[in-house]
Amino acid sequence: MDCESGADNSTRKRKLCRLVVLSFALLCILQATLNISLRLAFYSSDTTTTPDCEAIIKNLTKQQDMRMNELARYSLQGWLYFNHSLYYVSSTKNTWNDSREDCLQRGADLVIINSREEQNFIREFKKRTWIGLTDAEKEQTWKWVDGTTLTIR
């Protein structure tokens, strides 16, 4: 069990992280809007502009908006954004297998740590965390859930 002060600190960190992610998403939307506005202004002054260019710009804008909406939706559901990936930290204590199944049902998997920065990010949770490393296939032969072999650097 977490101490009450630790739980408050963890809650504050999650809220701060969500605020940062939402702020980032809003800044991205603002940047995309500004870029598109400038492109439209540039293309409208160009007499050689074709309707295809405008369709491409509208399509790119729509895709950017969809990505930002998706990022905001995940953030509101408790997912954390770090280095181009989303992470979900469950408050439920489960076995490794049950935790992996929960991840798979969410369309994700247990974390595969690819860098020192990612490992430090995971440590910031300050709680026991299952990672996607297993020796289920062959005892003492560790593999990540994507099938890659563990390498020590």
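Brief remarks on what is shown
- Axis of helix 4-45 versus longest Cα principal axis of the chain: the two differ by about 20°, to the nearest ten degrees.
- With Cα atoms, 0 to 90° folded angle of helix 96-105 axis to the chain main axis: 20 degrees
- Here the stretch 85-146 was treated as a single set of alpha-carbon atoms; its pair distances binned every 10 Å from 0 give 20, 54, 26, 0 percent.
- The modelled label-to-label distance for the pair Glu124/Asn83, using points 7 Å beyond Cα in the direction of Cβ, is 1.1 nm.
- Per-bin percent of Cα-Cα distances, the stretch 47-129 [5 Å]: 3, 11, 17, 18, 15, 9, 7, 6, 5, 4, 2, 1, 0
- Listed values for the stretch 135-141 are Karplus-derived 3J(HN,Hα) couplings in whole Hz (6.51 cos²θ - 1.76 cosθ + 1.60, θ = phi - 60°), namely 10, 5, 5, 9, 3, 6, 10, and x replaces Gly and Pro.
- Taking a straight line from the alpha carbon of Lys126, these lysines sit under 18 Å away, with near neighbours fewer than eight places off in the same chain left out: Lys13, Lys15, Lys93.
- Per the Debye formula on identical point scatterers at the alpha carbon atoms of the chain, with no solvent, log10 I(q)/I(0) at q = 0.09, 0.14, 0.19 Å⁻¹ is -0.46, -0.84, -1.21.
- Relative packing of peptides 136-149, 104-117 - highest average C-beta neighbours within 10 Å first: 104-117, 136-149
- Per-residue 3J(HN,Hα) values for the stretch 111-124, derived from phi via the Karplus relation 6.51 cos²θ - 1.76 cosθ + 1.60 with θ = phi - 60°, read 5, 10, 8, 10, 7, 5, 4, 5, 4, 5, 4, 5, 4, 5 Hz in sequence order (x marks Gly and Pro).
- Taking amide hydrogens as placed 1.01 Å from N in the peptide plane, the amide H of Val111 sits under 5 Å from those of Gly132, each at least 5 positions away in sequence or on another chain.
No lab work stands behind these numbers, since they all come straight from the coordinates. Note that the structure is a prediction, hence the values are computed from the model and not measured. Methodologically, a virtual Cβ is constructed for each residue, glycine included, from the backbone with ideal geometry; neighbour enumeration extends over all protein chains shown.
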